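Presented below is the structure to which this report refers.
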């Protein structure tokens, strides 16, 4: 019996697919968090971005205003209906299963 080991090729395929999946998961988190982010003039909402470091296989969702962290952490602030603090943390927990499925989907596709 001959066996061809294609471990390096498989690893490269899965690494690329992993980056694709991380981006899908991060974009989903961004989309959901945008529905909860405090809104006045929508500056905070528009500052949201999803990114992936494909070399280290790390994804991030961030909001880039000088008050983004404060708005996220201050539980006593009053917000418009449906908008709230913890606008990134809560969707991360609530959408966990969906995000994990989105991350895994491109890898499953590569494996056939």
I'm trying to understand the selection: among the residues of segment 81-91, which are part of a loop (DSSP other than H, G, I, E, B), surrounded by 14 or more Cβ atoms within 10 Å (Cβ to Cβ) and out of contact with any strand residue (DSSP E or B) (no Cβ under 9 Å at 6 or more places or on another chain)? 83, 84, 85, 86, 87
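Which residue out of 37, 58, 49 is loosely packed, with under 13 Cβ neighbours inside 10 Å, under 27 Å from residue 101 (Cα atoms) and modelled with pLDDT of 95 or more?
58
Quick check: is even one residue across segment 81-97 more than 28 Å from residue 11 (Cα to Cα) and modelled with pLDDT under 95?
Yes - at least one qualifying residue is present in segment 81-97.
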Failed item in (1) at pLDDT 95 or above; (2) over 23 Å from residue 40 (Cβ atoms), with residue 109 passing the rest: (1)
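The values are calculated or read from the model by the stated rules, or taken from the named source; none is laboratory data. Remember, predicted model here, so these are calculated numbers, not experimental data. Counting neighbours? That spans all protein chains shown, and the Cβs are built from the backbone with ideal geometry, glycine included.
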